[in-house]
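The values are calculated or read from the model by the stated rules, or taken from the named source; none is laboratory data. What you see is a predicted model; the values in this text were computed from it and never measured. In this analysis, Cβ positions are derived from the backbone assuming ideal geometry, glycine residues included, and neighbour counts consider all displayed protein chains.
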Amino acid sequence: MVFSFYIPTKVFFGKDCIKTNSNEIAKLGSKALIVTGKSSSDKNGSFAEISSTLKNLNIEYIRFNEVEANPSVETVLKGGELAREFKADFIIGIGGGSPLDAAKAIAILASNNIDDESLFSGQYKNKPLPLVAVPTTAGTGSEVTPYSILTYKKINNKKSIASPEIFPAIGFLDAKFTETLSMETTINTAIDAMSHSLEGYLSARASEIIKPLALESLKILAIHLKKISEGKKISFEDRENLLYASMLGGMVIAHTATTAVHAMGYPLTYFRNIDHGRANGLVMAAYMEFLHNNGRDLTEILYTMDLKDPGEFKSFMDSLLGQKESLSDSEIELFTDTTMTSKNIANTKPSPSREDIKEIFVKSFH
């Protein structure tokens, strides 16, 4: 048995965990740049709690609230410039995957005045600033990953930064900030978490220490997504469980990375503006069928999720996704070509051919 395991993030989980552990923030410096989306952190109370905490600690801060969904390279370059001008000691990212991904890139740029190509290199002259991550959705697990996914117009797709230097220093996980999420966003982000754990378990880089984390995440997500699909109300405890499962999924992909599902989801998001989690979900059932038809043993995953076979997995996903989008033949060809350029394909076991990817798209959307 051979594996490595590395999660340097100090995680605090539970209601009011920011207030009860604020001394951890004080250790990072006296000036912070807070990175948020445009309004969600105001609606859910997370920005107010962080800003109040910083004031009590006598930490000076400014806010960069220009992060859009699927943040662009241009946006993080702007945020990095602001961080350098302010001479920030550390970065605080508040929000879903987009603000957290942007905050990681800004942490790099705050200490490295570099261009976009150097940003994606994963190697930097100066150590990125420490990052505090405050997730307000239960899906990305970004608070415990070394990745930042950005929209990169030069390649007409999304592209990832991967570096152990952008693991957050601290993660504060308080499910109260997820209580204002719409049911649609709750489902889409939970599907994203599910894709992380499912892909990680099945990836070429999966290890024995990762598989139990993935299965625990999938078990929790299946229970709560079934509850949602049946129209039942979800409680605060349910939202805590979803946030916990999302964190586990992040720990999984921190070691395994993702596979063809994410590679196929990226062009759906870039070209069709389909939510990231939903995009993954739309191709997931056909991906599972591809694996099953090519000899992968899915028994443990399906058993953990209380599903009998790939067909029942498809029915489960259909119950969550509702009416599906349609793709033209030309879109399928373009998205297939785009997918095949992704390094995620090599992490897929067995590695799919172009025809395999095209068939997954066709089965998912026709």
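Take region 167-192 and flag every residue that is of a type in the set (Val, Ile, Thr) and out of contact with any strand residue (DSSP E or B) (no Cβ under 6 Å at 6 or more places or on another chain).
Within region 167-192, Thr178, Thr180, Thr185, Thr186, Ile187, Thr189, Ile191 meet the criteria.
Which pairs do you get when a residue that is farther than 15 Å from Ser195 by Cβ and assigned by TED's automatic domain parsing to the domain that holds Glu325, found in region 253-278, comes within reach of a residue that is at pLDDT 95 or above and in a helix (DSSP H, G or I), reach meaning Cβ atoms under 6 angstrom, with the pair 6+ apart or on two chains?
Qualifying pairs under 6 Å: Pro267/Phe335; Pro267/Thr338.
Condition test on Ala162, is it touching a Pro at 6+ places or on another chain (Cβ under 7 Å) and of a type in the set (Gly, Ala, Ser)?
yes
Listed residues Ala245, Ala257; which is under 17 Å from the mean Cα position of the chain (by Cα) and over 18 Å from Gly281 (Cβ atoms)? Lay out the reasoning, then the answer.
Details: Ala245 fails: over 18 Å from Gly281 (Cβ atoms).
Just one listed residue meets the conditions, Ala257.
Going through region 1-42 one residue at a time, which ones are over 22 Å from Gly79 (Cα atoms) and either in contact with a Ser or Thr (Cβ under 6 Å, 6 or more places away or on another chain) or among the β-branched types (Val, Ile, Thr) (or both)? Let's see the steps before the verdict.
Initial filter on region 1-42 (over 22 Å from Gly79 (Cα atoms)): 1-24, 26-27.
Within region 1-42, Val2, Phe3, Ile7, Thr9, Val11, Ile18, Thr20, Ser22 meet the criteria.
Specify the residue that is farthest from Glu143 (Cα to Cα); the eligible residues are those in region 210-243 that are surrounded by fewer than 19 Cβ atoms within 10 Å (Cβ to Cβ) and among the hydroxyl-bearing types (Ser, Thr, Tyr).
Ranking the qualifying residues of region 210-243, first place goes to Ser229.
For region 312-340, give me each residue that is more than 24 Å from His292 (Cβ to Cβ) and surrounded by 13 or more Cβ atoms within 10 Å (Cβ to Cβ).
Answer for region 312-340, where residues must be more than 24 Å from His292 (Cβ to Cβ) and surrounded by 13 or more Cβ atoms within 10 Å (Cβ to Cβ): Glu325, Glu331, Glu333, Leu334, Asp337, Thr338.
Identify all residues within region 264-287 that are surrounded by 24 or more Cβ atoms within 10 Å (Cβ to Cβ) and among the small types (Gly, Ala, Ser); write none if there are none.
Scanning region 264-287 gives Gly265, Gly277, Ala279, Gly281.
Looking at region 147-168, which of the residues that are farther than 22 Å from Thr341 by Cβ and either among the basic types (Lys, Arg) or touching a Ser or Thr at 6+ places or on another chain (Cβ under 7 Å) (or both) is surrounded by the most Cβ atoms within 10 Å (Cβ to Cβ)? If you could, list the steps in order and put the result at the bottom.
So in region 147-168, the residues farther than 22 Å from Thr341 by Cβ come out as 164-168.
Now restrict to residues that are either among the basic types (Lys, Arg) or touching a Ser or Thr at 6+ places or on another chain (Cβ under 7 Å) (or both): 166-168.
Values: Ile166: 23, Phe167: 21, Pro168: 28.
That would be Pro168.
So how many residues does region 347-366 have that are among the hydroxyl-bearing types (Ser, Thr, Tyr) and in a loop (DSSP other than H, G, I, E, B)?
Result for region 347-366: 2.
Counting just the residues of region 80-106 that are assigned to a strand (DSSP E or B) and touching a strand residue (DSSP E or B) at 6+ places or on another chain (Cβ under 7 Å), which one comes out farthest from Thr178 (Cα to Cα)?
Looking at the filtered set, the residue picked out is Phe90.
Name the single residue that is farthest from the chain's Cα centre (by Cα) among those in region 27-56 being of a type in the set (A, V, I, L, M, F, W, C) and either crowded, with 16+ Cβ neighbours inside 10 Å or under 22 Å from Leu109 (Cα atoms) (or both). Break it down into steps so the answer makes sense when it comes.
Our first condition is that a residue be of a type in the set (A, V, I, L, M, F, W, C); within region 27-56, this holds for 28, 32-35, 47-48, 50, 54.
Then drop every residue that is not either crowded, with 16+ Cβ neighbours inside 10 Å or under 22 Å from Leu109 (Cα atoms) (or both), which leaves 28, 32-35, 47, 50, 54.
Values: Leu28: 25, Ala32: 23, Leu33: 21, Ile34: 19, Val35: 16, Phe47: 20, Ile50: 22, Leu54: 26 Å.
Top of the filtered list is Leu54.
The conditions are (1) at pLDDT 95 or above; (2) more than 18 Å from Tyr244 (Cα to Cα), and Glu117 fails exactly one of them. Which is it?
Only one criterion is unmet by Glu117, namely (1).
Listed here are the residues, each with its yes/no results for (1) under 30 Å from Lys176 (Cα atoms); (2) surrounded by fewer than 22 Cβ atoms within 10 Å (Cβ to Cβ); (3) not assigned by TED's automatic domain parsing to the domain that holds Arg272.
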site: Ile108; (1), (2), (3): yes, no, yes
site: Ser111; (1), (2), (3): no, yes, yes
site: Leu119; (1), (2), (3): no, no, yes
site: Lys127; (1), (2), (3): no, yes, yes
site: Val132; (1), (2), (3): yes, no, yes
site: Thr137; (1), (2), (3): yes, no, yes
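Would you check if Lys159 is basic (Lys, Arg) and without any contact (Cβ under 8 Å) to a residue 40 or more places away in the chain?
Spelling it out, Lys159 is indeed basic (Lys, Arg) and without any contact (Cβ under 8 Å) to a residue 40 or more places away in the chain.
Can you name every residue in region 211-252 that is closer than 16 Å to Glu184 by Cα, in contact (Cβ under 8 Å) with a residue 60 or more places away in the chain and not aliphatic (A, V, I, L, M)?
Lys226, Ser229, Arg239, listed by residue number.
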